[in-house]
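Okay, structure first, notes after.
The values are calculated or read from the model by the stated rules, or taken from the named source; none is laboratory data. Fair warning: this is a prediction, and the values are worked out from it, not measured in the lab. Glycine gets a Cβ as well: all are built from the backbone with ideal geometry, and neighbour counts include every protein chain shown.
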Amino acid sequence: RQRYTGLIDKYRDRLPVHDDTRLISLGEGNTPLIRLSNIPRELGKDVDIYVKYEGLNPTGSFKDRGMTMAVTKAVEEGSKAVICASTGNTSASAAAYAARAGITAFVLIPEGKIALGKLAQAMIHGAVVLQIRGNFDEGMQLVKDVGENTPVTIVNSINPFRLQGQKTAAFEIVEELERAPDFHCLPVGNAGNITAHWMGYSEYFEHGIVNTRPTMVGYQASGAAPFLRGEMVDNPDTVATAIRIGHPQSWDKAWKVREESDGWFDECTDEEILAAQKLLTEKEGIFCEPASATSLAGAMRDIKSGKIPEGSVVVCTLTGHGLKDPDTAISQCTEGVTTIDAELGPVREAIVSNLS
Ligand code: F0G
């Protein structure tokens with residue numbers, strides 16, 4: 001059996017690398033596709049729901065798929081530094097892959113609006129963390145401006161190698177299911193990931209590896225839903241800070257995905273997003289971050305209404321790990337924690353009262 005050495009090595013025939021390219025890898029990809037058992041039963045619908053648990057990538061999000069490619073190519077081109085704007089996960093991933101490559105990472109993050117785990121990651125991996133008094137969209141514009149005449153490689157999803165790496169998630173799903181799903185649901189921020197998945201499915205379709213492609217469905221948080229408003233949103237806000245984005249970078253590409261796949265966009269409220277996150281942890285034992293739960297929140301609504309019909313095979317991407325955002329997780333647990341004396345009596349009492 002061959003050792004798994006990351007997605008570039010596995011899919012090198014379908015990625016823009018040479019035989020002698022030095023691969024900057026942390027063993028990303030190859031994430032589990034988990035079939036939900038309790039939630040479909042509760043919905044009372046005969047639908048197969050799978051979640052692609054991208055939170056199990058090395059830095060805890062799907063960004064690692066794109067970052068292994070972007071940093072590999074940056075190093076191949078002789079770059080000594082990478083830069084990105086980020087709501088948190090891209091910065092965590094850039095910091096880790098730059099560390100692996102031995103180059104510098106500059107990350108621009110919105111002050112006070114990134115989850116604690118993500119900030120910790122950027123800092124501990126030694127990135128230069130620039131916290132801006134502004135939001136992601138402003139940071140993104142600054143990165144584009146500064147990137148024009150500074151010797152740094154931009155590793156946001158406007159870097160085409162990012163989407164090349166991320167398309168491999170679709171390959172893995174097809175290999176596991178031995179077919180394409182009927183529906184693929186994703187949370188949408190910049191819309192890079194939905195674009196990358198469509199690229200992956202389309203590549204396998206064109207090569208005759210599958211004979212269908214999924215309907216692509218993108219869900220946004222209501223307070224940050226430019227695809228629903230039909231225009232850019234200037235002051236996006238949502239508890240799902242990862243997708244607190246009002247000016248998506250892959251705007252045109254995502255509209256094309258919607259059209260070509262006969263898909264749709266919809267929005268979820270913060271309450272729906274948090275409820276789906278909690279449902280997934282409590283009913284299935286799977287912990288994803290709030291933004292990731294947007295895919296399931298939307299899918300459940302569309303399954304209930306029949307827009308996603310019975311008999312369908314549905315994949316929801318869980319883009320990031322729940323541990324990224326411990327504050328939001330704890331704030332959702334109204335029961336809290338019980339403090340008791342370190343004695344047998346209170347321990348036994350606590351158990352007995354909770355069993356009944
Ligand atoms: N889910 C999570 C957990 C994310 O971190 C992101 C994007 C998305 C979904 C949306 O993906 O932008 O390709 O549509 N996070 C970026 C970041 C913006 O900086 O980490 P998209």
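Summary of values
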item	result
Only one of Gly223, Gly189, Gly230, Gly208 that is within 25 Å of Ala94 (Cα to Cα) and not assigned by TED's automatic domain parsing to the domain that holds Tyr97	Gly189
Among the candidates Ala350, Ala275, Ala293, residue that is in a helix (DSSP H, G or I), surrounded by 11 or more Cβ atoms within 10 Å (Cβ to Cβ) and touching a Ser or Thr at 6+ places or on another chain (Cβ under 7 Å)	Ala350
Lone unmet requirement of (1) within 14 Å of the ligand (Cβ to nearest atom); (2) within 24 Å of Cys288 (Cα to Cα) for Asn159	(2)
Near pairs, Cβ below 9 angstrom, 6+ apart or cross-chain, from region 66-81 (not assigned by TED's automatic domain parsing to the domain that holds Pro16 and of a type outside the set (Lys, Arg)) to any residue that is outside any loop (DSSP other than H, G, I, E, B) and modelled with pLDDT under 95	none
Residue within region 101-119 that is under 20 Å from Pro16 (Cα atoms) and surrounded by fewer than 24 Cβ atoms within 10 Å (Cβ to Cβ) present	yes
Per-region count, region 1-19, residues acidic (Asp, Glu) and out of contact with any Leu (no Cβ under 8 Å at 6 or more places or on another chain)	2
Qualifying position, being closer than 20 Å to Ala169 by Cβ and out of contact with any Cys (no Cβ under 8 Å at 6 or more places or on another chain), among Glu310, Glu289, Glu282, Glu335	Glu289
Residue in region 252-263 that is crowded, with 19+ Cβ neighbours inside 10 Å, part of a helix (DSSP H, G or I) and of a type in the set (Ser, Thr, Tyr) present	yes
Failed item in (1) part of a loop (DSSP other than H, G, I, E, B); (2) of a type in the set (Lys, Arg); (3) within 16 Å of the ligand (Cβ to nearest atom), with Lys118 passing the rest	(1)
Residues satisfying the stated conditions in region 131-166, i.e. in contact with a Leu (Cβ under 7 Å, 6 or more places away or on another chain) and within 10 Å of Cys84 (Cα to Cα)	Gly139, Leu142, Val143, Ser157
Filter result for the condition that a residue is within 22 Å of Gly112 (Cβ to Cβ), out of contact with any Leu (no Cβ under 8 Å at 6 or more places or on another chain) and away from the ligand (no atom under 14 Å from the Cβ), over Ser331, Ser312, Ser305, Ser353	Ser331
Of the criteria (1) within 16 Å of the ligand (Cβ to nearest atom); (2) of a type outside the set (A, V, I, L, M); (3) part of a loop (DSSP other than H, G, I, E, B), which one Lys52 fails	(3)
Positions within region 27-42 being touching a Lys or Arg at 6+ places or on another chain (Cβ under 6 Å) and assigned to a helix (DSSP H, G or I), in sequence order	Asn38, Ile39
Residue satisfying condition, being within 11 Å of the ligand (Cβ to nearest atom) and part of a loop (DSSP other than H, G, I, E, B), within set Gly189, Gly208, Gly139	Gly189
Region 285-305 residues that are touching a residue at least 12 places away in the same chain (Cβ under 8 Å), paired with ones that are among the polar types (S, T, N, Q) and within 16 Å of the ligand (Cβ to nearest atom) (beta carbon under 6 Å, 6 or more apart)	Phe287/Thr281; Pro290/Gln277; Pro290/Thr328; Ser292/Thr319; Ala293/Gln277; Ser295/Thr317
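To keep it simple, each residue is scored yes or no on (1) small (Gly, Ala, Ser); (2) within 14 Å of the ligand (Cβ to nearest atom); (3) within 20 Å of the chain's Cα centre (by Cα).
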residue: Lys167; (1), (2), (3): no, yes, yes
residue: Phe171; (1), (2), (3): no, no, yes
residue: Ala180; (1), (2), (3): yes, no, yes
residue: Tyr204; (1), (2), (3): no, no, no
residue: Ser222; (1), (2), (3): yes, no, yes
residue: Lys256; (1), (2), (3): no, no, no
